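Worksheet: one structure, shown below.
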Amino acid sequence: MRITSLRLSDVKRHRSLELELAPGLTVIRGPNEAGKSTIQRALEMVLFRRPTSAAQELEGVRPWSDADAVPTIEIDFEHEGVAGQLTKAFAGARGTARLELGGDIVTDPAAVEGRLAELTGLPSEKFFRSTASIRHQELAGLDRDEGALRDRLHQSMSGADRGTWAARRKLQDAINRYRTEGHKNPGLLKQARAEVERLSRESLQGEAGLAALGRDRSALAEARAKRETLDERLAEAQADLDAAGRAVAARDRLVKAEAEYTRYKRAAVLREEMARLEAAHPPAMALPLLRSGVEQLRSLEYGISEQRAEFASQPDPAHRQADIEKAPRWRPLAVVPLLLLAAALAAFVVIGDVAGLVLAGVLVGAALLIALMVWRLHSRASQVQ
């Protein structure tokens, strides 16, 4: 970094000063109290002091005639062929800084200080004053004693000042904190190693868990595949079962149809046999008359069964009163209709002609009359009871 120009505003006696610095060696000369030391002090301030420094430090750089003036220092410089500019206005808490280099602009004071340290290669103001910024009153001592110059350089480079010593002590304390291996007070390094070991164990456990999870997921995938296969087989078996059920139902219907067919076929054979027998042996009575007689006999038989059921529902004679001990008069007559019906059936079967049919009809009529008389006697006896 090479400074090419310097501009001062309201810095001690220099209300406004601009200097152009040659590429080589530039000598600033003048009588006492001309402001040469002020220029040196301005260079130190613009390179190392923050513009937000306390007001007490600025009392020595303000003009005596203007206590409210804001000292402003501006330099132009070159760095590796790139032009730059640095401006600082020392106004206490309201101080500002602006660094421009190659199109990049920085205005944060702390960032400006860090960037200047990189550009100049000077770590601090003390280092600068011990090497390149020697006061004129110190030149005579350095000329008489070369060891003094070596001591100044050694002091600035060895860090013997209090700030560097404090930094070294902090660094040593930090190293001790990290390297302590005591049981009650383990160092940060030991704690970090223990934490690394713990994390390593947890990592191994996690990897084992991940491996187990992978195996479980594989087993789950296989189980799902087997389940899908079993579901497909179950669906096929269910379809086969449904088909078998339909086949069994169809077979049952077939068996029933075959049985019906057999009965119908047997009935047709019997009908043909009856027709053949009727044609071979024609009856003396017409078939419609026989059917009518048979229907009448069936009706009489049904009436007799109803009479029997009614007789069976009558109370037991053993539980009647003592004054009604002899059997009712209708009971002996109840057997007569049955006998007459049996005789009519026998006459129809044995005789088989018109005479047998007439005799059977007479007997059936007599049986009906006697049955009616028995029913009336029974009703009267029931009313008397």
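Values for this structure:
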{"item": "Test result for residue 377, crowded, with 17+ Cβ neighbours inside 10 Å and at pLDDT 70 or above", "result": "no"}
{"item": "Matching strands (runs of 3 or more DSSP E) fully within segment 1-105 where at least 3 residues are touching a strand residue (DSSP E or B) at 6+ places or on another chain (Cβ under 9 Å) and over 20 Å from residue 119 (Cα atoms)", "result": "2-11, 14-20"}
{"item": "Test: residue in segment 59-73 that is hydroxyl-bearing (Ser, Thr, Tyr), under 20 Å from residue 4 (Cα atoms) and either touching a Phe, Trp or Tyr at 6+ places or on another chain (Cβ under 7 Å) or modelled with pLDDT of 85 or more (or both)", "result": "yes"}
{"item": "Residue in segment 201-209 that is under 26 Å from residue 177 (Cβ atoms) and either at pLDDT 95 or above or part of a helix (DSSP H, G or I) (or both) present", "result": "yes"}
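The values are calculated or read from the model by the stated rules, or taken from the named source; none is laboratory data. This structure is a prediction, so every number in the text was calculated from the model and none was measured. Here Cβ is always computed from backbone atoms with ideal geometry, including for glycine, and neighbour counts include all displayed protein chains.
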